[in-house]
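Shown next, in structure tokens, is the structure this report addresses.
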Amino acid sequence: MEFETYFPIWNKLTAIQKQKISGSAVERTVKKGTMLHNGSMDCTGLLIVRHGQLRAYILSDAGREISLYRLFDLDICLFSASCILHSIQFEVIIEAEKETDLIVIPAEVYKGILEESAPAANFTNEIMASRFSEVMWLLEQILWKSFDRRLAGFLLEEAALEGTDSLKITHEIIGSHLGNPREVVTRMLRYFQSEGMVRLSRGTVEITDPEKLRRISNG
């Protein structure tokens, strides 16, 4: 494994620390839909995404999901090692949105390096600050942005990620990302369809007027 490609502070670690990581890290390929981490129930370790896509989300007491952020190629997932971060008080679930190749560094190994290495500690704090910013941005969207704007923005983001205006996605999955019931998503999508912005079919949302969606998203 070429850790210098995937782990930005690799060259700032000592030879012993590098050996600990390379000797314990494992490569793993997971299928779409695989749950990699389930809140406080487990401590998977530090996840480095080599190729693929992960989703981090939280689950309400009523069973409603809302996506916090996504992880793509070369991203690092720290919340999957939350057992070493005593300040984390909420349960984050990590799921593969696509088939994903990972490098997994065991939590106890990374914890030991954190206690020894200032560069590793600083790097971890940077990741935490970045994820906190994403969560705060999400909170701002939920509190201050109307649902039609959030949905329009989500559809445009999905189209950009998938490289197509024909999205293979259900209303329920959209609701899971945005934290809204499927019925609310369906009503708004039907409104978008009546306005000529999308075309709906079973399991598919086709964007037909991206400019109009963009105007809605931008308010």
Cα-projected label distance for TRP144 with GLU172, points at 7 Å along beta-carbon direction, nm: 3.5 nm
Unpaired by the 4.7 Å Cβ criterion, cysteines found in the chain: CYS77
³J(HN,Hα), Karplus 6.51/-1.76/1.60, whole Hz, each residue of region 101-114, x for Gly, Pro: 9, 10, 10, 10, 9, x, 4, 5, 5, 5, 4, x, 5, 4
Exposure proxy ranking, count of Cβ atoms within 10 Å, fewest first, for LEU71, LEU13: LEU13, LEU71
FRET E, pair SER130, SER24, Förster distance 30 Å, beta-carbon r, rounded to 0.05: 0.75
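For a quick check: sort LEU74, LEU102 by the number of other beta carbons within 10 angstrom, fewest at the front.
In increasing order of surrounding Cβ atoms, one gets LEU74, LEU102.
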Reachable lysines, given that their alpha-carbon falls under 28 Å from the alpha-carbon of LYS168 and they are not under 8 places away in the same chain: LYS31, LYS32, LYS98, LYS145, LYS212
Environment charge of LEU167, counting only residues whose C-beta is closer than 10 Å and scoring Lys/Arg +1, Asp/Glu -1: -3
Formal net charge of residues neighbouring LEU143 (Cβ-Cβ distance under 13 Å; K, R +1; D, E -1): +2
Karplus (6.51, -1.76, 1.60) ³J(HN,Hα), θ = phi - 60°, over region 145-153, in Hz, Gly and Pro reported as x: 10, 5, 5, 4, 5, 5, 5, 4, x
Gain in span if fully extended, LYS111 to LEU74, counting 0.36 nm per residue against the direct Cα distance: 11.3 nm
ASN38-GLU162 pseudo-label distance in nm [points 7 Å out on the Cα-to-Cβ vector]: 2.8 nm
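Considering only the other residues whose Cβ falls under 10 Å of the Cβ of VAL104, what net charge follows from Lys and Arg at +1 and Asp and Glu at -1? Write out the running numbers ahead of the final one.
Values: positive: ARG28; negative: GLU27.
Residues near VAL104 contribute 0 overall.
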Neighbour-count order for LYS20, LYS31, LYS212, fewest beta carbons within 10 angstrom listed first: LYS31, LYS212, LYS20
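FYI, it's all coordinate maths here, none of it is from the lab. If you're wondering where the values come from, they're calculated on a predicted model, not measured in any experiment. We place every Cβ from the backbone using ideal geometry, glycine too, and count neighbours over all the protein chains shown.
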